[in-house]
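What follows is calculated from the coordinates using simple rules that are stated; it is not laboratory data. Everything quoted here is computed from the prediction, not taken from an experiment. Backbone-built Cβ (ideal geometry, glycine too); neighbour counts: all protein chains shown.
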Amino acid sequence: MRNIFIKKSTNEKRIFMIVTELFPTVSPSFSENDLYFLASKGQEVVGFAHLILLEDRVLFQGLGVKEGYRNKGIGGRLVDTVVNFSEKLCKNIYLKVKPTNVEALNLYAKKGFTIKKLRNSYILQRNLCT
Ligand SMILES: CC(C)(COP(=O)(O)OP(=O)(O)OC[C@H]1O[C@@H](n2cnc3c(N)ncnc32)[C@H](O)[C@@H]1OP(=O)(O)O)[C@@H](O)C(=O)NCCC(=O)NCCS
């Protein structure tokens, strides 16, 4: 989709609004290890990616795109942004997905993540550094 810009943000109000709109039970954290990328169309925030930066790895803690903007490549661009960012840090990415979340599983598989199956969730990993 054209006119969508993705950039790092520290605007806690905007981050809080998009995260809680997409995940009403989640309360976003803003510690020094939390990092957010927001996807915006003009003034409207339409998606986000949340990372937690650990010493030896990046936890991909959250990803979401507003309903009316899905299936237009924005989620894919957010994942690409996270991969490029982590690659520069030379850190592998880890994340957890519910096995029922077909959209997310397809998206991560398409972006080169490998899946390890656990009982109630899948752990996905993208190796960027050995
Ligand atoms: C998962 C999510 C972020 C995808 O965002 P999106 O902007 O729609 O994704 P894209 O348009 O970039 O799609 C990329 C790929 O995802 C997969 N995908 C997206 N929507 C899908 C759907 N409805 N069914 C199956 N696969 C789907 C496809 O592989 C797609 O590639 P393709 O277009 O070549 O088929 C979005 O559906 C979302 O916000 N879901 C709710 C929150 C969530 O589940 N977050 C992930 C938690 S781990």
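Return the residue satisfying two criteria in turn: it lies in segment 40-52 and is touching an Asp or Glu at 6+ places or on another chain (Cβ under 8 Å) and of a type in the set (A, V, I, L, M), and of such residues it is surrounded by the most Cβ atoms within 10 Å (Cβ to Cβ).
Filtering segment 40-52 for residues touching an Asp or Glu at 6+ places or on another chain (Cβ under 8 Å) gives 50-52.
Next, from what is left, pick out any that are of a type in the set (A, V, I, L, M): 51-52.
Numbers: Leu51: 24, Ile52: 16.
My answer is Leu51.
Every residue, every condition in (1) at positive phi; (2) in a loop (DSSP other than H, G, I, E, B); (3) in contact (Cβ under 8 Å) with a residue 24 or more places away in the chain; (4) in contact with a Leu (Cβ under 9 Å, 6 or more places away or on another chain), yes or no:
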position	(1), (2), (3), (4)
Gly75	no, no, yes, yes
Val82	no, no, yes, yes
Phe85	no, no, yes, yes
Asn106	no, no, no, no
Lys116	no, no, no, yes
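Can you spot a residue in segment 57-76 that is more than 8 Å from the ligand (Cβ to nearest atom) and more than 25 Å from Thr20 (Cβ to Cβ)?
Within segment 57-76, one or more residues are more than 8 Å from the ligand (Cβ to nearest atom) and more than 25 Å from Thr20 (Cβ to Cβ).
Within segment 33-56, track down each residue that is more than 10 Å from the ligand (Cβ to nearest atom), in contact (Cβ under 8 Å) with a residue 12 or more places away in the chain, part of a strand (DSSP E or B) and over 9 Å from the mean Cα position of the chain (by Cα).
Within segment 33-56, Asp34, Leu35, Leu38, Ser40, Lys41, Val45, Ile52, Leu53 qualify.
Here is a yes/no grid of residues against (1) over 24 Å from Leu128 (Cβ atoms); (2) out of contact with any helix residue (DSSP H, G or I) (no Cβ under 7 Å at 6 or more places or on another chain):
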| position | (1), (2) |
| --- | --- |
| Thr20 | yes, yes |
| Pro24 | yes, yes |
| Pro28 | yes, no |
| Lys41 | yes, yes |
| Gly47 | no, no |
| Leu54 | no, yes |
| Tyr69 | yes, yes |
| Leu78 | no, yes |
| Val83 | no, yes |
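Just to be sure I understand, how many residues within segment 92-104 are part of a loop (DSSP other than H, G, I, E, B) and surrounded by 12 or more Cβ atoms within 10 Å (Cβ to Cβ)? Show your work before the answer.
Of the residues in segment 92-104, the ones part of a loop (DSSP other than H, G, I, E, B) are 98-101.
From the residues that got through so far, the ones that are surrounded by 12 or more Cβ atoms within 10 Å (Cβ to Cβ) too are 99, 101.
Of the residues in segment 92-104, 2 are part of a loop (DSSP other than H, G, I, E, B) and surrounded by 12 or more Cβ atoms within 10 Å (Cβ to Cβ).
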